[in-house]
Amino acid sequence: MAGCDGFHRVGRQTIPESVRMVAERVYPFAWPDILAEVAPSTDELIYALHPDGFAMHSMRSDTVSRLYLKVDPGEDIAGWSRRPHLEGHSTRMALDSWSLQSGPTLEKSITQMRSFLSSPMRWGQLFRAGDASHIVPPTGATGLNLAIADVTKLGAALVRAIQEGRTDLVDSYSDDALRRVWQSTYFSWWMTSMLHPPPRSDPNAAFLLQMQPMQLDYATSSAAAATGLAGNYTGAVRSY
């Protein structure tokens, strides 16, 4: 049985607590997700670090853009008009000779940020994949890639077991998947930590605020660091 039923369904909860290991980090911020009917303001995805917080610009089509902001996790965006999020994005992405284009809001939602991993990914005849076993913050853009990688590996393992009677891939599925998932969990945590100013109440805030520009400078000025970031972001350094 393949448990591909997401975080809130029975697949994750079926494995007994006595053998289930759970590792989780809930981040002290969230992302409002704004889908706007406006052509992308640039042909590149933008991550922005600003004293007011994180902002992101991405594209969905030639006529639709998606925008994100860092806010407090309890933020109620239901009553947000277009102006607050537009001003927030424009401020955090401000550059000379460039401006963020605006348009009607098509959809808005809020994403709570967390890292979550429940293992093992196999229990008897139950094999878990995707959100049924792991969640990463969207900063690293690896969540869907991980789910597809799980299903690809599991499919190959089950085909070999059923058609050839060989169980080697089935037996190694959980360990192999978890190595890939932990690597992606680390990368997503690193990206999230680098791009989101900590809450002022954090006793380490002053230290972390000084570290973030150094991290960004290293990631953008070092060929080795840039290669590592690109490899993790695209999945090239993981065995999919």
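Could you run through region 14-26 and say how many residues are surrounded by 13 or more Cβ atoms within 10 Å (Cβ to Cβ) and farther than 15 Å from LEU117 by Cβ?
Of the residues in region 14-26, 1 are surrounded by 13 or more Cβ atoms within 10 Å (Cβ to Cβ) and farther than 15 Å from LEU117 by Cβ.
Please determine, by comparing only the residues of region 131-146 that are touching a residue at least 24 places away in the same chain (Cβ under 8 Å) and of a type in the set (A, V, I, L, M), which one is farthest from ALA230 (Cα to Cα).
ALA132
Do we find a residue being part of a strand (DSSP E or B), touching a helix residue (DSSP H, G or I) at 6+ places or on another chain (Cβ under 8 Å) and either surrounded by fewer than 16 Cβ atoms within 10 Å (Cβ to Cβ) or of a type in the set (Val, Ile, Thr) (or both) anywhere in region 108-120?
yes
Collect the residues in region 123-153 that are crowded, with 22+ Cβ neighbours inside 10 Å and over 30 Å from ILE110 (Cβ atoms), keeping them in residue-number order.
PHE127
Just to be sure, is GLY228 under 30 Å from ILE15 (Cβ atoms) and surrounded by fewer than 18 Cβ atoms within 10 Å (Cβ to Cβ)? Show your work before the answer.
Details: under 30 Å from ILE15 (Cβ atoms): no; surrounded by fewer than 18 Cβ atoms within 10 Å (Cβ to Cβ): yes.
Taking the combined requirement at face value, the residue does not satisfy it.
Here's a check for you: in region 177-195, which residue that is among the hydroxyl-bearing types (Ser, Thr, Tyr) and over 14 Å from ASN145 (Cα atoms) is surrounded by the fewest Cβ atoms within 10 Å (Cβ to Cβ)?
Only one residue fits best here, namely TYR186.
Counting just the residues of region 48-76 that are touching an Asp or Glu at 6+ places or on another chain (Cβ under 9 Å) and in a loop (DSSP other than H, G, I, E, B), which one comes out farthest from MET211 (Cα to Cα)?
THR63
Only one of these conditions is not met by SER90: (1) in contact (Cβ under 8 Å) with a residue 24 or more places away in the chain; (2) in a helix (DSSP H, G or I); (3) among the small types (Gly, Ala, Ser). Which number is it?
(1)
Taking region 33-47 as the region of interest, how many residues are part of a strand (DSSP E or B) and crowded, with 20+ Cβ neighbours inside 10 Å?
Count: 2.
From ARG166, ARG160, grab the single residue that is surrounded by fewer than 19 Cβ atoms within 10 Å (Cβ to Cβ) and assigned to a helix (DSSP H, G or I).
One residue alone meets the criteria, ARG160.
Between a residue in region 42-67 that is within 16 Å of LEU86 (Cβ to Cβ) and any residue that is of a type in the set (Ser, Thr, Tyr), which pairs come within a Cβ distance under 6 Å, given they are 6 or more apart or on different chains?
MET56/TYR47; MET56/TYR68; ARG66/SER58
Does ASP72 satisfy being at pLDDT 85 or above and farther than 30 Å from ARG128 by Cα?
Criteria met by ASP72.
Yes or no: region 38-54 includes at least one residue that is among the charged types (D, E, K, R), over 23 Å from MET191 (Cβ atoms) and out of contact with any strand residue (DSSP E or B) (no Cβ under 6 Å at 6 or more places or on another chain). Before you say what the answer is, go through the steps one by one.
If we filter region 38-54 for residues that are among the charged types (D, E, K, R), which is where we start, we get 43-44, 52.
Those still in the list that are over 23 Å from MET191 (Cβ atoms) too: none.
No; the residues of region 38-54 include none that is among the charged types (D, E, K, R), over 23 Å from MET191 (Cβ atoms) and out of contact with any strand residue (DSSP E or B) (no Cβ under 6 Å at 6 or more places or on another chain).
The values are calculated or read from the model by the stated rules, or taken from the named source; none is laboratory data. Quick caveat, the model's predicted, so the values are computed rather than measured. Cβ coordinates were reconstructed from backbone atoms using ideal geometry, including for glycine residues, and neighbour counts include every protein chain displayed.
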